Amino acid sequence: MGRAFDQGAGRTAVLSGRLGWRHAWDDRAGDGRHAFAASPTPAFTVHGLPVTGDAVVAGLGLDLDLKDRLSLIVDWSAQLAPDLNANTLAATLNWRF
């Protein structure tokens, strides 16, 4: 969902937001035992982060035209749960030539 704002001179700014809920079933441990099919070596374990059962996922973004061929995109995303709080912030500067 987003809302565009006119900045004048043919430039726009777009503000967007996201909100949702994520639910995971079954095995959420994050560890897995793997092996290559054609390899004689034994299986190996890959350790990962466990996945939380229920989390609110949210995001907020801004896409801003700075000049005719220059734009800035800023995006924040989060996963919020009783046993997990993860946030990311990303910025992208685009120059079209």
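Scale the Cα Rg of the chain by the rule-of-thumb value 2.2 N^0.38 Å and send over the ratio, two decimals.
Values: Rg = 20.7 Å, N = 97, 2.2 N^0.38 = 12.5 Å.
Compared with the compact-globule rule of thumb, the chain sits at 1.66.
Projecting the Cα atoms of A43, A78, A58 onto the dipole axis of region 20-97, where Lys and Arg carry +1 and Asp and Glu carry -1 at the beta carbon, places A43 farthest toward the positive end. In this view, the solvent-accessible surface of T52, computed with a 1.4 Å probe and all protein chains in place, comes to about 10 Å². Average accessible surface for region 30-97: 75 Å² per residue, computed with a 1.4 Å probe over protein heavy atoms with every protein chain in place. Rounded to the nearest 20, the size of the Cβ-charge dipole of the chain about its Cα centre is 320 debye, with Lys and Arg at +1 and Asp and Glu at -1.
The heavy atoms of H23 present about 70 square angstrom of accessible area, all protein chains included, probe 1.4 Å. FRET efficiency for the pair R69 and A91, taken as 1/(1 + (r/R0)^6) with r the Cβ-Cβ distance and R0 = 25 Å, rounds to 0.90.
The values are calculated or read from the model by the stated rules, or taken from the named source; none is laboratory data. Everything numeric here is computed off the predicted structure, so don't read it as measured data. Neighbour counts run over all protein chains shown; Cβ positions are idealised from the backbone, glycine included. Quick note on the areas: whole protein, heavy atoms, side chains included, nothing else; ligands and nucleic acids left out. Shrake-Rupley method; radii C 1.70, N 1.55, O 1.52, S 1.80 Å.
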